[in-house]
């Protein structure tokens, strides 16, 4: 199904409620899952990976996109776990919570659900022990490690530096293990969790990470003194969860052939980003033998599968700068304002190629209608002629992750519709657009 | 009613759902309105201002806080208009839309409601003409002017610079007036709107603004050629809307006496910010005679009336840095991450003064449980002993504006409860906390 066709169809049915609109491609979700599974295959046979999940497990970090239909499509494509404390849908397993602290009821829920739960600090260890003792079930734990490593990404997206709030620094691991060991009937340490951050492009950082992971695994195996191995230590603790963090890797169908990226050039880097196979090449040689490796990506599974369609409200000029004003805003895509991230923008309908070659491009900002200057989708884009105009449709790419998940009702703007495209002639609305009553519902 | 009492009361009734929690003080709202009305009094008698609204009009920009009970409290205190395209409550008038572009249905709504509507660009002028002609009612318009002035605030909060998306630059005013004049049966220009941005502390910028405003008013009066005055021009166009933008000014009861700001020092500047009276002192001498002045503040009316109460989930140390982890997050208060804004943080329960004086303060970050490093409420705060601990309650001040209004469900976090305190023993829940079903409601 072409995006033009989809747009016309939804406009006919829903009128103005059909724009802006997130469109997710099921084919791209499947492709992204396949890239990870193929990479994990290098650990064991494909069958092991998919059906037994012993040596390599692919999990999905639902905070990237919480739409249950997106998670379901990933699970159907081969993802084995989707991480989210609140979900308990068929075949979605409650897994580790990647948070630095969770409320007591959340820990309780995870313990009752038999989830693999992250322990993030000494106080977190004490609470997990307390809750597990109260519940009367043995909690399965990973130590969330802070390896004091700079992931060389945006500071807000870097989550493993020495002075960052996440995880347990190595010098405190012994103390945390002490707390947990003293309550070993209620808790069992299964291994280590490390998550370096998002949008990582330089995989060399994993060298130091794996060294740190190995040291901590050794500490867990040999808890207290070496002679107590297999007597007191958690000798079968052998799970390493490396979290997510790969930059979005190129997928062949992330941009449809008739919408070349260059139509509106946002300065997005086209440098190749590392793939799951590249990650495995770095990580596998450093992984201790017999370890079950969990990868738990978010962004790299869903970002490239999502596109935001938005209508141009008008074009204006101020201070010699051209502004293309769209009906989408920072309320749908806050990443440019918050992380200075760059999203490719294209037109829905492609102008004739010879027009483009003959004339020069203009510099434009693509901005939303929200009342603040931080409300932009892309800055200083090169827009080749012909000029876009009111009513035209733009596509903002790579918006499957951390866009609808971070949406707000700022300026009284309702959450927008979400659609999943399945194959050439089939789509399904997977989130209806909010209306004014939805926004006002909680006020009393 | 003390905040301790309020907290205990709500915890008893709602359990964990009572934290985090926004508390608004009705007394502070009334105080803030009074400051503006007193300042506007200098234009005419108090009676004129409040009951006839001719010379000075106080409006409220609802995007700062969209809770209808907050708007209602402001209206009761003397605000004459509350600006929001969607509202049509008793005594809330649809007023100008401060947006750079609005959808067709929004313009239609505003024209039907007889609102004073901003025209932001040439394309906007064309659309207003089209809609007003279709509707068959004469639309009342203000020209949103871009005076090309730097408001000396955060770039995202500055909305009147030359290369910013908002408003019409002076060189384009004639063209816009041409479009509107040719449809003068459908539209009437009533005056000019200028909004410089938020958190302005240096009022000297208004000198240049008022010059620009005067020039454009003159153009409107004298449309086309001077000899056509009072024949073709909109000779009674005499409204100047200066928008909002004052920094939050100190109010005597913005911090309760028993919670001195210094308890946790976030480095918030205590320099005096300009008051509405200061603004009027600068603006009035520059205002053309006979003009109706609209002030349309948001932040300075509501920010100081709101406080976020949040419980400490735990305290941890990484890289020598102390992190106080709270149950509130960037999902409730995104301003520190987005604008580097600083909010005072205090403890709910005050430690003994002599303890504070004897011991040194620690540097701490107050962070939320959301999985990214941008999730912080305050950085590098000085926390005097005794140390805070799990279960203690912190107060994040100045959170009445652009906090709940920008809230998201990121990390599956529900919108939090909001409470209005009326007098010493009376409070009312004005927004119930969201539950998981609310978040999932639109998925299908």
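Scan the stretch B:163-170 and give yes if some residue there is under 18 Å from residue B:219 (Cβ atoms) and either in contact (Cβ under 8 Å) with a residue 60 or more places away in the chain or crowded, with 21+ Cβ neighbours inside 10 Å (or both), otherwise no.
Yes, that holds for at least one residue.
For the subset of the stretch A:408-444 comprising residues that are farther than 15 Å from residue B:67 by Cα and within 7 Å of chain B (Cβ to nearest Cβ), which member is surrounded by the fewest Cβ atoms within 10 Å (Cβ to Cβ)?
Ranking the candidates gives A:432 first.
Given the criterion away from every other protein chain (no Cβ under 14 Å) and at positive phi, identify the matching residue among B:136, B:207. If you could, list the steps in order and put the result at the bottom.
On the way: B:207 fails: at positive phi.
One residue alone meets the criteria, B:136.
Quick one: would you say residue B:365 is more than 12 Å from chain A (Cβ to nearest Cβ), touching a residue at least 12 places away in the same chain (Cβ under 8 Å) and over 20 Å from the mean Cα position of the chain (by Cα)?
Values: more than 12 Å from chain A (Cβ to nearest Cβ): no; touching a residue at least 12 places away in the same chain (Cβ under 8 Å): yes; over 20 Å from the mean Cα position of the chain (by Cα): yes.
Against the criterion (more than 12 Å from chain A (Cβ to nearest Cβ), touching a residue at least 12 places away in the same chain (Cβ under 8 Å) and over 20 Å from the mean Cα position of the chain (by Cα)), residue B:365 does not qualify.
Could you say whether any residue in the stretch A:297-312 is under 24 Å from residue B:408 (Cα atoms), assigned to a loop (DSSP other than H, G, I, E, B) and in contact (Cβ under 8 Å) with a residue 24 or more places away in the chain?
Keep residues of the stretch A:297-312 that are under 24 Å from residue B:408 (Cα atoms), which gives A:297-311.
Subset that is assigned to a loop (DSSP other than H, G, I, E, B): A:297-298.
So of that shortlist, the ones also in contact (Cβ under 8 Å) with a residue 24 or more places away in the chain come out as A:297-298.
Within the stretch A:297-312 (the criterion being under 24 Å from residue B:408 (Cα atoms), assigned to a loop (DSSP other than H, G, I, E, B) and in contact (Cβ under 8 Å) with a residue 24 or more places away in the chain), the answer is yes, since at least one residue qualifies.
Since residue A:328 meets every condition but one in (1) surrounded by 15 or more Cβ atoms within 10 Å (Cβ to Cβ); (2) modelled with pLDDT under 95; (3) within 27 Å of residue B:410 (Cβ to Cβ); (4) out of contact with any helix residue (DSSP H, G or I) (no Cβ under 8 Å at 6 or more places or on another chain), which condition does it not meet?
Here residue A:328 meets the rest and fails (2).
Output yes when any residue across the stretch A:149-161 is modelled with pLDDT of 90 or more and either closer than 25 Å to residue A:291 by Cβ or assigned by TED's automatic domain parsing to the domain that holds residue A:236 (or both), and no when none is. Outline the logic, then answer.
Filtering the stretch A:149-161 down to residues modelled with pLDDT of 90 or more leaves none.
Scanning the stretch A:149-161, I find no residue that is modelled with pLDDT of 90 or more and either closer than 25 Å to residue A:291 by Cβ or assigned by TED's automatic domain parsing to the domain that holds residue A:236 (or both), so the answer is no.
Restricting to strands (runs of 3 or more DSSP E) lying wholly in the stretch A:338-444: which have 3 or more residues that are modelled with pLDDT of 90 or more and in contact with a strand residue (DSSP E or B) (Cβ under 9 Å, 6 or more places away or on another chain)? Full working, then the answer.
Details: elements: A:345-347, A:362-367, A:376-383, A:393-397, A:417-422, A:426-431.
Output list reads A:362-367, A:376-383, A:393-397, A:417-422, A:426-431.
Under 30 Å from residue B:7 (Cβ atoms), modelled with pLDDT under 90 and in contact with a strand residue (DSSP E or B) (Cβ under 9 Å, 6 or more places away or on another chain): which single residue out of B:317, B:292, B:273 fits that description?
Values: B:317 fails: modelled with pLDDT under 90; B:292 fails: under 30 Å from residue B:7 (Cβ atoms).
Selected residue: B:273, the only one of B:317, B:292, B:273 that is under 30 Å from residue B:7 (Cβ atoms), modelled with pLDDT under 90 and in contact with a strand residue (DSSP E or B) (Cβ under 9 Å, 6 or more places away or on another chain).
Can you go through A:196, A:246, A:279 and tell me which one is closer than 25 Å to residue A:37 by Cα, modelled with pLDDT of 90 or more, within 29 Å of the chain's Cα centre (by Cα) and not assigned by TED's automatic domain parsing to the domain that holds residue A:378?
On the way: A:196 fails: modelled with pLDDT of 90 or more; A:246 fails: modelled with pLDDT of 90 or more.
None of the other options fit; the residue is A:279.
In the same structural domain as residue A:212 (by TED's automatic domain parsing), at pLDDT 90 or above and either part of a helix (DSSP H, G or I) or buried (at least 24 other Cβ atoms within 10 Å of the Cβ) (or both): does that describe residue A:137? Steps first, answer last, please.
Numbers: in the same structural domain as residue A:212 (by TED's automatic domain parsing): yes; at pLDDT 90 or above: yes; either part of a helix (DSSP H, G or I) or buried (at least 24 other Cβ atoms within 10 Å of the Cβ) (or both): no.
For residue A:137, the condition - in the same structural domain as residue A:212 (by TED's automatic domain parsing), at pLDDT 90 or above and either part of a helix (DSSP H, G or I) or buried (at least 24 other Cβ atoms within 10 Å of the Cβ) (or both) - is not met.
This table checks each residue for (1) modelled with pLDDT of 90 or more; (2) assigned to a helix (DSSP H, G or I); (3) within 16 Å of the chain's Cα centre (by Cα); (4) not assigned by TED's automatic domain parsing to the domain that holds residue B:406.
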residue: B:30; (1), (2), (3), (4): yes, yes, yes, yes
residue: B:35; (1), (2), (3), (4): yes, yes, yes, yes
residue: B:49; (1), (2), (3), (4): no, yes, no, yes
residue: B:71; (1), (2), (3), (4): yes, yes, yes, yes
residue: B:74; (1), (2), (3), (4): yes, yes, yes, yes
residue: B:82; (1), (2), (3), (4): no, no, yes, yes
residue: B:99; (1), (2), (3), (4): no, no, yes, yes
residue: B:106; (1), (2), (3), (4): no, yes, no, yes
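A quick yes/no check of all residues on (1) free of Cβ contacts under 8 Å to residues at least 40 places away in the same chain; (2) in a helix (DSSP H, G or I); (3) in contact with a strand residue (DSSP E or B) (Cβ under 8 Å, 6 or more places away or on another chain):
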site: A:144; (1), (2), (3): no, no, yes
site: A:150; (1), (2), (3): no, no, yes
site: A:153; (1), (2), (3): no, no, yes
site: A:156; (1), (2), (3): no, yes, no
site: A:160; (1), (2), (3): no, no, yes
site: A:176; (1), (2), (3): no, yes, yes
site: A:180; (1), (2), (3): no, yes, yes
site: A:183; (1), (2), (3): no, no, no
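Among (1) in contact with a strand residue (DSSP E or B) (Cβ under 6 Å, 6 or more places away or on another chain); (2) modelled with pLDDT under 90; (3) part of a helix (DSSP H, G or I); (4) under 29 Å from residue B:426 (Cα atoms), there is one condition residue B:110 misses while meeting the rest; what is its number?
That leaves (4) as the condition not met.
The values are calculated or read from the model by the stated rules, or taken from the named source; none is laboratory data. Worth saying up front: this structure is predicted, and the values here are computed from it rather than measured. Glycine also receives a Cβ, built like all others from the backbone with ideal geometry; neighbour counts cover every protein chain displayed.
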